[in-house]
Amino acid sequence: MLSKLFKKLSLVFVCIMLVCLHANAAKVDTVVTRSNSMNRDIKAVVIRPDNYNKKEKYPVLYLLHGFSGNYSDWVKKAPDVVPLADQYHCLIVCPDGNFASWYFDSPLSNEWKYETYVASELVSWIDRHYSTIANRTGRAITGLSMGGHGALYLAIRHQDTYAAAGSMSGCVDLVPFSKSFDISQVLGDYESNQQRWKDNSVINMLDQIKPNSLAIIFDCGYSDGFYPSNMEMHNRLVQMKIPHDFIVRDGGHSWEYWGNSIVYQMLFFSRHLPGWEVKKSQ
């Protein structure tokens with residue numbers, strides 16, 4: 001009898017704990033935003049800390065998906081990202097960059113204006129609909145693979161919008177992949193547009209970084225096909241004396257790697273952005 005009673009009480013305790021944990025968990029919204037530049041509605045995920053309220057102003061991390069992905073990838077494939085909104089008392093916004101936009105404003109078609117959308121239209125939409133630190137000191141951007149390139153690309157081109165940027169396994173040099181990942185549909189074929197490809201590769205944009213403008217972190221696994229170009233970018237940044245954190249770990253191009261990587265990057269952002277200093281959950 002005592003054994004059965006103990007089991008029942010244990011089950012009740014577990015149920016109560018699960019309810020409590022759920023009640024104090026970050027909230028995941030799927031929102032419909034507007035891109036006037038592309039004349040379309042675009043979905044995004046917004047992760048809010050559990051005690052979100054409009055009387056406070058929250059920093060925002062823009063978290064980009066990779067090639068062939070979409071706005072829901074991070075919460076579905078790396079769900080441990082959700083409680084980070086609680087831990088750092090911030091909003092996490094996962095935009096939709098289409099399956100292969102590379103977060104460019106394409107010179108070929110007005111249907112690919114994802115630089116304008118992510119760096120301008122979406123930022124404005126989030127600031128209107130949520131209680132944010134609506135200036136660069138409260139904004140960081142990072143992403144994986146295609147999104148890693150996109151995050152650095154957007155941050156470099158919009159240093160008045162973001163104060164920090166990261167990349168996880170980013171394709172930081174597009175040229176070696178001229179036949180891959182549908183990049184040609186937004187930039188044109190490489191053979192006819194070689195300078196355009198070079199100019200739009202992050203590894204060739206480093207001289208555009210203003211002194212003390214961006215806090216930069218990027219990482220890549222030893223087994224990742226993008227590792228050589230990430231190491232080359234690190235070496236160039238060192239030569240140019242541009243401060244940055246570069247992390248190399250075991251691992252390849254996988255969600256296991258990125259789920260681990262985002263934890264380190266969030267810590268970096270919280271320590272480098274003034275807007276995050278007093279906003280952490282206790």
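Miscellaneous remarks
- Fewest-first ranking of THR132, THR142, using other Cβ atoms within 10 Å as the exposure measure: THR132, THR142
- Inter-part distance, segment 242-272 to segment 163-185, computed on C-alpha centroids, equals 17 Å.
- At least 20 Å along the helix axis (C-alpha) and Kyte average at least 0.5, DSSP helices within the chain: 2-23
- Fully extended contour minus Cα-Cα distance, from ASP80 to LYS210, at 0.36 nm per residue: 43.4 nm
- Gaussian network model of the chain, Cα within-10 Å springs - most flexible of ALA155, ALA85, ALA25: ALA25
- For segment 53-165: rounded, prolate or oblate by the Cα gyration tensor [a/c cutoff 1.5]: oblate
- Relative contact order for the chain: 18 percent, from Cα pairs under 8 Å spaced at least 6 residues apart, divided by residue count.
- In the chain, helical runs assigned H by DSSP with n ≥ 4 each contribute -39500 (n - 2.57); averaged across all residues and rounded to the nearest 500, the mean residue ellipticity at 222 nm is -9500 deg cm²/dmol.
- Among the listed pairs LYS57/LYS77; LYS55/LYS113; LYS76/LYS179; LYS77/LYS179; LYS54/LYS77; LYS57/LYS198, those whose Cα-Cα separation exceeds 32 Å are LYS55/LYS113; LYS57/LYS198.
- Only Lys, Arg (+1) and Asp, Glu (-1) charged, at Cβ; segment 128-275 dipole about Cα centre in debye: 580
Here, each number is a calculation from the coordinates, and none is a lab measurement. If you're wondering where the values come from, they're calculated on a predicted model, not measured in any experiment. For neighbour counting, all protein chains shown are included, and Cβ atoms are generated from backbone atoms with ideal geometry for every residue, glycine included.
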